[in-house]
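Some notes on the structure that comes next.
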Amino acid sequence: MKLRENKARRWALMAAAGAVLAGPAMADAASIRFRAGSDRRSWVPPAHRQQVTRVWVEPVYEVRVRKVWVPPLFEKRWVEREVPAVVRGRQVPVYSRGGRVVAYRTVEEVVRPGRTVRQKVGVKVRDGHYKRVEERVLVKPGHEKVIRQKVLVREGYYRSRGGPGGERGKGFSFGFRT
């Protein structure tokens, strides 16, 4: 008797479960699937790799202007010039008939006669002036720049895992389609 009661209870539970599940499915006229076990979805993140690119950056130059003093230009040339005579004045006493000094008279004597001399002289050919000088100055030297980029290899996606072991298809299912 006991065995019969257990079978009856099982059939009653199964019928009740079917009615509970079938009722909303019939009312909505939609498809309902029930899957025994756990139906979990997990996010698989996107995969990236780092791409390294080396790029040559040209050096940067700047033109700077500055003033530079150019000194005057002198040139040595032979020049003839007159050198005046060197004359010296001398006081000569004037005597009287009695032999006494009465007065003094100035007499000029030529110590060195005047002459023409050839001499090497510096002659200014050009005046001094400021000159504009343009210089190309290195501001920033050329170098290799390393560019690191994240490149997408694979997009992220959801992966379904069923059951405790993670395999799909374990367990049982039943459903109603209309």
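The values are calculated or read from the model by the stated rules, or taken from the named source; none is laboratory data. All values derive from a computational prediction rather than experimental measurement. Counting neighbours? That spans all protein chains shown, and the Cβs are built from the backbone with ideal geometry, glycine included.
Hey, could you check the range 84-95 for residues that are assigned to a strand (DSSP E or B) and not basic (Lys, Arg) and say which is farthest from the chain's Cα centre (by Cα)?
The selected residue is TYR95.
Being closer than 30 Å to ARG40 by Cα and assigned to a strand (DSSP E or B) is true for just one of VAL111, VAL153, VAL146, VAL63. Which residue is that?
VAL153
Could you figure out which of (1) surrounded by 11 or more Cβ atoms within 10 Å (Cβ to Cβ); (2) of a type in the set (Lys, Arg); (3) modelled with pLDDT of 90 or more isn't true of ARG35?
(3)
Anything in the range 37-83 that is within 40 Å of the chain's Cα centre (by Cα) and acidic (Asp, Glu)? List them, or say none.
Listed by number, the residues that qualify are GLU58, GLU62.
Restricting to the range 109-146, name every residue that is closer than 29 Å to LYS67 by Cα and among the hydroxyl-bearing types (Ser, Thr, Tyr).
Passing the criteria: only TYR130.
Could you pull out the residue among VAL146, VAL94 that is outside the structural domain of ARG64 (by TED's automatic domain parsing) and either among the aliphatic types (A, V, I, L, M) or on the phi > 0 side of the Ramachandran plot (or both)?
VAL146
Surrounded by fewer than 10 Cβ atoms within 10 Å (Cβ to Cβ), assigned by TED's automatic domain parsing to the domain that holds ARG77 and touching a residue at least 40 places away in the same chain (Cβ under 8 Å): is that true of LYS124 in this structure?
Here the answer is no, as LYS124 does not meet what is asked.
Which ones in the range 36-60 are of a type outside the set (D, E, K, R), assigned to a strand (DSSP E or B) and under 30 Å from HIS143 (Cβ atoms)?
Answer for the range 36-60, where residues must be of a type outside the set (D, E, K, R), assigned to a strand (DSSP E or B) and under 30 Å from HIS143 (Cβ atoms): HIS48, GLN50, GLN51, VAL52, THR53, VAL55, TRP56, VAL57, VAL60.
Looking only at the range 74-113, filter to residues that are loosely packed, with under 10 Cβ neighbours inside 10 Å and hydroxyl-bearing (Ser, Thr, Tyr); which one of those is nearest to LYS124 (Cα to Cα)?
THR106
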